[in-house]
Amino acid sequence: MAFQTEYEFELPRGYVDDSGTLHKRGVMRLATAADEILPMRDPRVQQNQSYLTIILLARVITRLGDIKHVDTKTIEKLFTADLAYLQSLYRQINDIGLPKLNTACPKCEHEYEVEVDFLSVTEGLS
């Protein structure tokens with residue numbers, strides 16, 4: 001099973017380009033550390049924290065319909081329903097949550113998953 005780094009999506013409304021063409025299907029990739037850190041230097045983000053979303057989505061959306069290069073101008077022109085959808089998708093594919101381990105009860109041998117919070121475990125060690 002290969003590690004998935006790209007996710008296809010379909011916008012609820014769709015992006016209408018300057019020629020009137022509707023683009024609904026696209027691809028979003030997983031975000032990198034640079035995707036989250038570098039936009040913080042952008043003056044538009046420093047003036048308005050809400051602009052971070054625009055830059056993040058422009059960095060991680062690799063395709064939107066026939067548009068191969070999605071930039072901030074493209075994201076700015078999205079309908080609000082589509083922007084909200086993409087924000088939700090971004091959080092969904094990039095939020096891994098706590099890691100889980102499969103374990104079994106030593107007495108009854110019942111198998112179950114346990115979430116492991118490594119930060120709280122290491123706090124007790126210091």
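The values are calculated or read from the model by the stated rules, or taken from the named source; none is laboratory data. Everything quoted here is computed from the prediction, not taken from an experiment. In this analysis, Cβ positions are derived from the backbone assuming ideal geometry, glycine residues included, and neighbour counts consider all displayed protein chains. Areas reflect the complete protein model, heavy atoms only, side chains present, ligands, DNA and RNA absent. Shrake-Rupley method; radii C 1.70, N 1.55, O 1.52, S 1.80 Å.
What the table below lists for this structure:
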{"item": "Verdict on TYR51 being among the hydroxyl-bearing types (Ser, Thr, Tyr) and touching a Pro at 6+ places or on another chain (Cβ under 6 Å)", "result": "no"}
{"item": "Pick from the range 10-48, criterion part of a loop (DSSP other than H, G, I, E, B) and in contact with a Gly (Cβ under 9 Å, 6 or more places away or on another chain), ranking: surrounded by the most Cβ atoms within 10 Å (Cβ to Cβ)", "result": "ASP17"}
{"item": "The listed residue being assigned to a strand (DSSP E or B), touching a strand residue (DSSP E or B) at 6+ places or on another chain (Cβ under 6 Å), at pLDDT 95 or above and among the aromatic types (Phe, Trp, Tyr), out of TYR7, TYR85", "result": "TYR7"}
{"item": "Those residues of the range 49-72 which are open to solvent by 80 Å² or more (accessible area, probe 1.4 Å) and either touching a Gly at 6+ places or on another chain (Cβ under 6 Å) or more than 18 Å from ARG25 (Cα to Cα) (or both), in sequence order", "result": "GLN49, SER50"}
{"item": "Positions within the range 23-75 being in contact with a Lys or Arg (Cβ under 9 Å, 6 or more places away or on another chain) and either hydroxyl-bearing (Ser, Thr, Tyr) or more than 17 Å from LEU86 (Cα to Cα) (or both), in sequence order", "result": "THR32, ALA34, LEU38, PRO39, TYR51, THR62, THR72"}
{"item": "Evaluation of ALA81 against (1) among the aliphatic types (A, V, I, L, M); (2) under 15 Å from MET28 (Cα atoms); (3) in contact with a Lys or Arg (Cβ under 9 Å, 6 or more places away or on another chain) (one fails), failing number", "result": "(2)"}
{"item": "Residues of the range 1-26 that turn out to be farther than 20 Å from ASP95 by Cα and of a type in the set (S, T, N, Q), as a count", "result": "2"}
